[in-house]
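Colleague: Quick one: this structure, given as structure tokens, is what I'll be asking you about.
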Amino acid sequence: MRWLRARLAIGDDEGGSAIVEFVFIALVVFLPLVYIVAGFSAVQRGVFASTEAAREAGRALGTAPDPVTGQARAEAAVRIAVEDQSVQATDVVLAYAPVGAGCEAAGSYQPSLTPGEEFTVCVTVTVRVPLLPEFIDANTATGEFVVERDRYVDR
């Protein structure tokens, strides 16, 4: 029996290596995986914020009695929608474009809110990925919503 114990004790010098392997695997696999998930979550949060902000701004502006009130309502709706997704409201741009021009032409158009008017509301949100420097802000998400004012408006 002693010879069996002596023979089995040959591998005793590897005691504690499982913890080292676990820590190594955790650092090499788990930490980058958590960072990737956090990065994708930040980007998706920006996409949700821009889409919801454009929709709510379009609804607020489309039902407003005049352009000044509509602009104030749209800006408040964008601020609320963006804060709901925990995105910084300083990284948001609200602009308008004619229907069919797309958000590339946004900023050159100001809605007059006449009955039957159609326009596109574009909200661009700058998405910041966690742990990256502030100067890396090339990731943007743009939400687009087409507004058609009612043709029959009580005045």
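Colleague: Looking for something in a helix (DSSP H, G or I) and touching a Lys or Arg at 6+ places or on another chain (Cβ under 7 Å) - is there at least one such residue anywhere in region 33-48?
Modeller: Yes, region 33-48 contains a residue that is in a helix (DSSP H, G or I) and touching a Lys or Arg at 6+ places or on another chain (Cβ under 7 Å).
Colleague: Go through region 123-136 and count every residue that is part of a loop (DSSP other than H, G, I, E, B) and either at positive phi or in contact (Cβ under 8 Å) with a residue 40 or more places away in the chain (or both).
Modeller: Adding up the residues that qualify gives 5.
Colleague: Inspect all residues belonging to region 115-122 and state whether any of them is outside any loop (DSSP other than H, G, I, E, B) and polar (S, T, N, Q).
Modeller: yes
Colleague: Under 9 Å between Cβ atoms, which residue pairs at least 6 apart in sequence (or on different chains) link something in region 64-80 that is within 17 Å of Ala95 (Cβ to Cβ) with a partner that is acidic (Asp, Glu) and crowded, with 19+ Cβ neighbours inside 10 Å?
Modeller: Qualifying pairs under 9 Å: Ala74/Glu56; Ala77/Glu56; Val78/Glu56.
Colleague: Let me ask you something else. Any idea which of Glu52, Glu104 is acidic (Asp, Glu), under 13 Å from Thr142 (Cβ atoms) and touching a residue at least 60 places away in the same chain (Cβ under 8 Å)?
Modeller: Exactly one residue qualifies, and that residue is Glu52.
Colleague: When you look at Ala54, is it at pLDDT 95 or above and surrounded by 16 or more Cβ atoms within 10 Å (Cβ to Cβ), yes or no?
Modeller: Yes: the conditions hold for Ala54.
The values are calculated or read from the model by the stated rules, or taken from the named source; none is laboratory data. This structure is a prediction, so every number in the text was calculated from the model and none was measured. Cβ atoms come from the backbone with ideal geometry, glycine included; neighbour counts cover every protein chain shown.
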